[in-house]
Structures are given as structure tokens and as C-alpha cells.
Amino acid sequence: MAEEHSPAASPTPHKRRVRYSGKNPRRFEDKYKERDPAQHAGTVAKVIASGKTPAGTHRPIMVAEILEVLAPKPGDIAVDGTLGYGGHTEEILTKIRPGGKLLGLDHDPVELPKTEARLRALGFDEAIFTAHRSNFAGLPQILAAQGLDGADLILADLGVSSMQIDDPSRGFSVKHSGPLDMRMNPQRGQPVSALLEKIQPSALAQLLMQNADEPKAVQLGAALAGKSFATTHALADAIRAALPQVAKEDCHQNIRRVFQALRIAVNDEFSALENFLRQLPACLKPGGRVAILTFHSGEDRRVKKAFISGQAAGIYSEISIEIVRASAEEQRSNPRSAPAKLRWARRSLQTTTPDGAV
């Protein structure tokens with residue numbers, strides 16, 4: 001009897017790896033080497049050397065200046081109110097060991113888990129670092145939940161992270177076409193597209209003036225309010241069409257200001273900042289230090305006013321007289337640091353609170 005043979009298994013088809021589209025792929029989705037620094041460190045190093053920020057990452061701004069102001073030391077209780085990619089946090093964590101603890105706050109549900117995992121992989125366990133899904137206005141409740149009566153140092157970087165700006169799916173930038181969203185937390189509130197559909201021209205004009213000092217606010221309010229824009233490029237095109245008399249290079253600044261104003265509105269950024277500034281003294285231990293990085297005049301005015309009035313009331317013993325800016329070298333190597341302004345304050349050793357209680 002002939003020996004029976006079972007049919008040979010069909011070979012597994014070969015799957016070619018995704019081709020990297022040139023040295024500098026244009027689409028965010030194609031930049032997988034930049035978004036995987038563990039496997040492609042050389043590519044990431046080249047991108048940084050060219051003065052750019054690798055996709056999916058964020059380069060912390062004015063690290064040396066912030067460390068000088070905050071002066072973290074072993075045993076300190078620290079807060080990073082805007083965790084982002086964790087660049088500032090990583091530097092502070094190395095300074096507060098042993099015995100210190102850092103609370104990292106961020107209300108972005110997309111980026112927070114990634115940053116927590118990255119810092120855990122660097123060896124920072126829950127004894128020294130905890131991550132909290134909240135913006136900085138929720139700091140008093142988080143401190144109380146941790147059984148802490150205050151922090152020795154607090155940092156708030158008010159800029160939008162590069163991970164958010166560069167990802168077209170978040171809708172923060174006109175660089176690539178994406179859904180017109182701009183929410184820091186995509187699970188809450190309304191996207192910019194919905195805001196524009198509902199808002200009246202006069203209200204939009206006021207919003208553009210208050211949030212971005214936009215000189216063409218009335219003209220743009222009439223052109224954009226009540227309209228439907230699905231993508232960032234559609235909105236940018238409408239702004240250009242509404243300002244035919246404005247030169248192309250100048251119109252880019254109008255677009256940038258409109259995007260800034262709308263982002264501030266859908267995230268209620270000024271209200272969150274004002275709440276944070278009111279609650280800040282009670283969150284600092286006597287002698288504690290705070291550093292705040294701002295990126296446009298509306299933020300900086302609020303921080304400056306709060307620090308000056310706090311010093312006059314005896315809440316702060318010392319505040320920055322002049323703003324601190326990134327060095328010329330840093331601005332060359334990281335252009336996104338150019339608009340940043342750093343202000344700082346030191347809590348008085350007295351325990352007077354903003355309402356006058358002692």
C-alpha cells in the first residue's frame with residue numbers, strides 16, 4: 001500500500017516592511033522612525049540637529065533657567081502642572097531624589113498615558129512620581145487627595161505640546177490638513193468646528209480680539225461665524241479669502257492668531273489660568289517657588305498682574321522683575337522656544353492667604 005502524504009503547508013507570504021518615504025517624510029503618519037526613538041535614535045538625533053522637533057515628541061524649553069529658578073533639591077515636593085512629554089519633569093525628578101515626590105498633571109487623555117509609561121521606563125516609580133488626569137486648576141484637590149499641605153516648587157508650561165501641534169488628527173495646526181478640533185481633551189467640550197457653526201459674528205470678533213489681539217477681528221468675525229469648516233485647511237482658506245488685501249506672508253499671521261484664539265476658547269484656557277493663579281499661593285509652602293512659561297501676551301499679562309498684586313499683598317516675597325527668555329542658542333536650535341516668556345515668584349514665609357487670613 002502506498003504511503004499517504006499530507007499536503008505541504010503553504011508558505012507564509014512575505015510581508016515587506018513599510019518603506020520610509022525619503023529622509024524627511026512630509027506626512028506625520030509616515031514619520032515612524034521619528035516616533036520611535038528607541039529603535040531609530042540616529043534619525044531622531046539628525047532631526048534635532050537640524051533645529052526641528054521629532055514627530056511625536058516635545059523638546060522642553062528653558063530647562064536650565066527653570067531649574068535655576070525652582071532650585072529643586074532632595075526631599076522636595078514638586079508639581080508639574082502641565083506634564084506634556086515630561087521633559088521638564090524628568091529633569092526635576094533627578095534633582096529631588098532621594099525622598100522627593102512629583103505630581104504630574106495633564107488633562108490630555110491621548111498623551112498622558114504615553115508620558116507616564118515613558119517616565120516609568122526611566123525608573124521613576126509611584127513612590128516618587130504620580131500622574132494625574134487634570135489641568136493645573138485642579139491642583140488643590142489633587143494635593144489634598146495625596147495628603148499634602150503644599151508644594152516646594154510648581155511649574156506650569158502653558159504652551160501647546162509639539163505632540164499635539166504636529167499630529168494632524170488633533171487639529172491644532174494648519175501645517176497639515178486635519179479635523180478642526182483643537183481640544184486638549186477630545187472627550188470633553190465642543191471642537192472648534194462646532195463653535196464656529198453656532199457663534200454670532202460680533203461674538204467671534206470679540207473673541208478674536210480678546211484672545212489674540214487680532215486687528216482684522218470684525219472682518220473675520222463676519223466672514224467665519226456661522227459657517228461650517230470640517231478641516232484646518234478649510235478654515236485657513238476661508239481666512240485667506242476674507243482678507244484678499246493682505247499679503248500672503250502677513251496673512252499667515254492672521255491665520256495663526258485665529259487658530260490661537262479659537263484654541264483658547266474651546267479649552268477655556270484663560271479661565272483655567274485665572275483659577276490656577278488665584279489658588280496658587282495656597283498650593284505653595286512658605287518659601288516655595290513657582291515658574292510659569294507663557295507663549296502669548298494674554299497669558300503673560302495675567303501672570304504678571306497676579307505676581308505683582310501678590311507681592312503687594314505680602315503673599316510673594318520676591319517675583320521676577322523682567323521676563324526670562326530662551327537664549328539665542330536655544331532659539332536657533334529649537335525655534336519653538338522663541339515666543340516663550342518665563343516668570344517666577346517665591347512664596348512669602350508668612351502664611352497670609354489671598355483673603356487676608358493668617
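Please state which one of Gln200, Gln260, Gln210, Gln279 is surrounded by fewer than 16 Cβ atoms within 10 Å (Cβ to Cβ) and under 24 Å from Arg301 (Cα atoms). Lay out the reasoning, then the answer.
On the way: Gln200 fails: under 24 Å from Arg301 (Cα atoms); Gln260 fails: surrounded by fewer than 16 Cβ atoms within 10 Å (Cβ to Cβ); Gln279 fails: surrounded by fewer than 16 Cβ atoms within 10 Å (Cβ to Cβ).
Selected residue: Gln210, the only one of Gln200, Gln260, Gln210, Gln279 that is surrounded by fewer than 16 Cβ atoms within 10 Å (Cβ to Cβ) and under 24 Å from Arg301 (Cα atoms).
Could you tell me whether any residue of the stretch 126-139 is farther than 27 Å from Phe270 by Cα and either surrounded by 16 or more Cβ atoms within 10 Å (Cβ to Cβ) or touching a residue at least 40 places away in the same chain (Cβ under 8 Å) (or both)? Lay out the reasoning, then the answer.
Of all residues in the stretch 126-139, those farther than 27 Å from Phe270 by Cα come to 126-129.
Adding the requirement that they be either surrounded by 16 or more Cβ atoms within 10 Å (Cβ to Cβ) or touching a residue at least 40 places away in the same chain (Cβ under 8 Å) (or both) leaves 128-129.
Yes, because at least one residue in the stretch 126-139 is farther than 27 Å from Phe270 by Cα and either surrounded by 16 or more Cβ atoms within 10 Å (Cβ to Cβ) or touching a residue at least 40 places away in the same chain (Cβ under 8 Å) (or both).
I'm checking my understanding of the structure. Among residues of the stretch 282-304 that are farther than 25 Å from Arg256 by Cβ and of a type in the set (D, E, K, R), which one is surrounded by the most Cβ atoms within 10 Å (Cβ to Cβ)? Break it down into steps so the answer makes sense when it comes.
Filtering the stretch 282-304 down to residues farther than 25 Å from Arg256 by Cβ leaves 282-291.
So of that shortlist, the ones also of a type in the set (D, E, K, R) come out as 285, 289.
Working: Lys285: 17, Arg289: 23.
Only one residue tops the list, namely Arg289.
If you go through the stretch 162-175 one residue at a time, do you hit one that is in a loop (DSSP other than H, G, I, E, B), surrounded by fewer than 22 Cβ atoms within 10 Å (Cβ to Cβ), within 18 Å of the chain's Cα centre (by Cα) and assigned by TED's automatic domain parsing to the domain that holds Ala338?
No, the stretch 162-175 contains no residue that is in a loop (DSSP other than H, G, I, E, B), surrounded by fewer than 22 Cβ atoms within 10 Å (Cβ to Cβ), within 18 Å of the chain's Cα centre (by Cα) and assigned by TED's automatic domain parsing to the domain that holds Ala338.
Within the stretch 140-153, how many residues are hydrophobic (A, V, I, L, M, F, W, C), closer than 24 Å to Trp344 by Cβ and surrounded by fewer than 16 Cβ atoms within 10 Å (Cβ to Cβ)?
Within the stretch 140-153, the subset hydrophobic (A, V, I, L, M, F, W, C) is 142-145, 148, 151, 153.
Next, only the ones that are closer than 24 Å to Trp344 by Cβ stay: 142-143, 148, 151, 153.
Checking the rest, the ones that are also surrounded by fewer than 16 Cβ atoms within 10 Å (Cβ to Cβ) come to 148.
Total satisfying the criteria: 1.
Could you list, in sequence order, all residues of the stretch 143-158 that are under 30 Å from Arg263 (Cβ atoms), of a type in the set (A, V, I, L, M, F, W, C) and touching a helix residue (DSSP H, G or I) at 6+ places or on another chain (Cβ under 9 Å)?
Within the stretch 143-158, Leu143, Ala151, Leu153, Ile154, Leu155, Ala156, Leu158 qualify.
Run down Ala212, Ala156 and say which single residue is assigned by TED's automatic domain parsing to the domain that holds Lys285 and either among the acidic types (Asp, Glu) or within 29 Å of Gly104 (Cα to Cα) (or both).
On the way: Ala212 fails: assigned by TED's automatic domain parsing to the domain that holds Lys285.
Going through Ala212, Ala156 in turn, just one is assigned by TED's automatic domain parsing to the domain that holds Lys285 and either among the acidic types (Asp, Glu) or within 29 Å of Gly104 (Cα to Cα) (or both): Ala156.
Of all residues being closer than 20 Å to Ile92 by Cα and part of a helix (DSSP H, G or I) in the stretch 134-161, which is modelled with the lowest pLDDT? Just the residue, please.
Step by step, filter the stretch 134-161, then rank; the result is Phe136.
Does Gly189 satisfy the condition of being in contact with a helix residue (DSSP H, G or I) (Cβ under 8 Å, 6 or more places away or on another chain), small (Gly, Ala, Ser) and not in a helix (DSSP H, G or I)?
On the way: in contact with a helix residue (DSSP H, G or I) (Cβ under 8 Å, 6 or more places away or on another chain): yes; small (Gly, Ala, Ser): yes; not in a helix (DSSP H, G or I): yes.
In short, yes.
Is it true that Gly123 is crowded, with 23+ Cβ neighbours inside 10 Å and of a type outside the set (A, V, I, L, M, F, W, C)? Steps first, please.
On the way: crowded, with 23+ Cβ neighbours inside 10 Å: no; of a type outside the set (A, V, I, L, M, F, W, C): yes.
Taking the combined requirement at face value, the residue does not satisfy it.
How many of the residues making up the stretch 201-256 are of a type in the set (D, E, K, R), modelled with pLDDT of 95 or more and within 25 Å of the chain's Cα centre (by Cα)?
Total satisfying the criteria: 1.
Given the residues Gly221, Gly150, Gly226, which is the only one that is closer than 30 Å to His132 by Cα and small (Gly, Ala, Ser)?
Numbers: Gly221 fails: closer than 30 Å to His132 by Cα; Gly226 fails: closer than 30 Å to His132 by Cα.
Matching residue, one of Gly221, Gly150, Gly226: Gly150.
The values are calculated or read from the model by the stated rules, or taken from the named source; none is laboratory data. The shown structure was predicted, so the numbers you read here are calculated from the model rather than taken from an experiment. Cβ sites come from the backbone with ideal geometry, for glycine too, and all protein chains shown count toward neighbours.
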